[in-house]
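Below: the structure, in structure tokens.
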Amino acid sequence: MDEESELIQPQDQSCWATLPDVCLCRVFWWLGDRDRSRAALVCRKWNQMMYSADLWRYRTITFSGRPSRVHASEVESALWYVKKFGRYLEHLEVKFLNPYNAVLTKKFQVTMRGFLSCLSKSNNRLKSLSIQHLELDRLVWRNSIRSSFIRSLSFFLKKMGKHLDYLNLKGARLTVEQGCHILDSLSHLRNENVISELNIEDYFSHHLAVYSSPQFKKTMSAFHKLVSLNLNYNCISDELLENLCENASTLWTINIKCHIHDPHGQVIWGMSWAKLARQATNLKVNFYFERIMKYERLARILLQEIPVRSISLRSCYFSDPDWSMRPTLTDLLPTFRHTLQKLTFEFNNNHESLDEELHLLIISCRKLFYFKIWAFLDVRFVEQILKSQKERQCALRTLKVRIYTNRYETNEEDRTLREIYRKYRKLIDSELNYFVIAYPMM
């Protein structure tokens, strides 16, 4: 009888009981908080797994900007998490989606005050913090609410700044004084901080000439270990580039956004960029232009001394019969043919044909591997690029084209594109991330 029970016992035992810890941890990883709590009641082993540090190192907390029951549960979940598992947290992302009114921004501010206060007491391992698109200059953020939130965040960064490696405050939209106050918190009682990745794109409100602020230049001088920096062009100055030169050995990437509404008429000397490029030998600079399309403006910004890796020019359907893209394509961008790897265009060139200029630009940039364009083009432009790719005149890995037309129907263009695909199918399937479409621009 004993022998028979020994044979039956392994068959009756669930396979979950013998599941290795690493596998069980992976199962728990995919569960939400409520399902994890329920699973923890199954047995002692599963309850122990609930408190595994690996499960709680990453956290994204989303607050809805609309009044609802979901909003209340989000708040409860955030506070429950930080009290129970906040000590394990290493990477935190907070989202506040389009706040509807001042009541919701007040609730968010109060919740974040409690959340950050509790986290600063229990956690000493936070490496990454992201709070994006708060848009604190909107009317729903009353002065008192905004000021209270800035105080809470600044106090938190004073305590946690010595651990943080990554900070993303994109879209905060603060005044220069407010923005610098928060960033200064990272180096509280010290002359430097350990941040290696900093994203302050749209961190300051539009129309601010941040580049002329002595306070901003002093604040940025404390960032001695930057590897990656995201910011707007209205922050760039010779003094900022000089500060970056002092600790340029670690600097790899600068991403610069230049928007039509941001001040961008400041004069930057080419020698400042040249010095930074010499000091930061691995530096790559990526530019993102929004509605700045005229050659004269672009030429003031895109100096030949800059080690440009990527350029994005988007006009948002801007149309001006007196504007021409041709000088930019033939005179300005070829200056960077030895370093350019990515090109993104979106413009309305209904008044001029640019197929040949674009084709020559592509084959002149020998390191170019990514090309995306939305513009008025002839369908045969795509065939030209594929032919050059086949003949090894270019080495693209991604080709994305949206061909604008002035007709509602694109049957003719679609048919030609199918023929081109069939002709170069082997090349496309083996070498390219390929997306091409005709689009009626009416």
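Quick notes
- Subset tally (residues that are within 18 Å of Arg402 (Cβ to Cβ) and open to solvent by less than 60 Å² (accessible area, probe 1.4 Å)) for region 317-341: 2
- Selection count, region 270-284, where residues are within 24 Å of the chain's Cα centre (by Cα) and open to solvent by less than 60 Å² (accessible area, probe 1.4 Å): 5
- Flag if Trp16 is at pLDDT below 80, in contact with a helix residue (DSSP H, G or I) (Cβ under 9 Å, 6 or more places away or on another chain) and surrounded by 12 or more Cβ atoms within 10 Å (Cβ to Cβ): yes
- Looking only at residues of region 406-442 that are of a type in the set (A, V, I, L, M, F, W, C) and not in a strand (DSSP E or B), we find that the one that is nearest to the chain's Cα centre (by Cα) is Leu432.
- Residues within region 342-355 that are open to solvent by 40 Å² or more (accessible area, probe 1.4 Å) and closer than 24 Å to Pro440 by Cβ, tallied: 3
- Among the residues of this structure, Ser212 does not count as one that is modelled with pLDDT under 95, open to solvent by 20 Å² or more (accessible area, probe 1.4 Å) and of a type in the set (S, T, N, Q).
- Leading residue by the ranking (nearest to Arg402 (Cα to Cα)) among those in region 353-386 that are of a type in the set (Val, Ile, Thr) and in a helix (DSSP H, G or I): Val382
- Test: residue in region 161-170 that is at negative phi, surrounded by fewer than 19 Cβ atoms within 10 Å (Cβ to Cβ) and in contact with a Lys or Arg (Cβ under 6 Å, 6 or more places away or on another chain): yes
- Unique residue being more than 28 Å from the chain's Cα centre (by Cα), crowded, with 16+ Cβ neighbours inside 10 Å and in contact (Cβ under 8 Å) with a residue 12 or more places away in the chain when the list is Ile373, Ile403, Ile363: Ile363
- Flag if Ser122 is over 26 Å from the mean Cα position of the chain (by Cα) and over 23 Å from Cys180 (Cα atoms): yes
- Among the candidates Val110, Val103, residue that is at negative phi, exposed (fewer than 15 other Cβ atoms within 10 Å of the Cβ) and part of a helix (DSSP H, G or I): Val103
- Test for Leu244: is it modelled with pLDDT of 95 or more and either of a type in the set (Ser, Thr, Tyr) or open to solvent by less than 10 Å² (accessible area, probe 1.4 Å) (or both): no
- Going through (1) among the hydroxyl-bearing types (Ser, Thr, Tyr); (2) under 23 Å from Ser213 (Cβ atoms); (3) assigned to a loop (DSSP other than H, G, I, E, B) one by one, Ser272 falls short only on (3).
- Exactly one residue among Ser130, Ser147 is among the hydroxyl-bearing types (Ser, Thr, Tyr), surrounded by fewer than 20 Cβ atoms within 10 Å (Cβ to Cβ) and assigned to a helix (DSSP H, G or I), and that residue is Ser147.
- Of all the criteria given as (1) within 27 Å of the chain's Cα centre (by Cα); (2) over 21 Å from Val82 (Cβ atoms); (3) at pLDDT 85 or above; (4) surrounded by 12 or more Cβ atoms within 10 Å (Cβ to Cβ), the one not satisfied by Thr62 is (2).
- Against the list (1) part of a helix (DSSP H, G or I); (2) open to solvent by less than 10 Å² (accessible area, probe 1.4 Å); (3) not aliphatic (A, V, I, L, M), the condition Phe287 fails is (1).
- Hits in region 290-303 - residues which are open to solvent by 10 Å² or more (accessible area, probe 1.4 Å) and outside any loop (DSSP other than H, G, I, E, B): Glu290, Tyr295, Glu296, Arg297, Ala299, Arg300
- Check on Asn350, outside any strand (DSSP E or B), under 22 Å from the mean Cα position of the chain (by Cα) and either over 24 Å from Leu226 (Cβ atoms) or not hydroxyl-bearing (Ser, Thr, Tyr) (or both): no
- Filter result for the condition that a residue is open to solvent by less than 10 Å² (accessible area, probe 1.4 Å), free of Cβ contacts under 8 Å to residues at least 60 places away in the same chain and closer than 27 Å to Leu361 by Cα, over Ile236, Ile306, Ile260: Ile306
The values are calculated or read from the model by the stated rules, or taken from the named source; none is laboratory data. Note that the coordinates shown come from a computational prediction; the quantities given were computed from them, not determined experimentally. Positions of Cβ are backbone-derived with ideal geometry, glycine not excepted, and every protein chain shown enters the neighbour counts. Remember, those area values only see protein heavy atoms, side chains included, never the ligands or the DNA or RNA. Shrake-Rupley method; radii C 1.70, N 1.55, O 1.52, S 1.80 Å.
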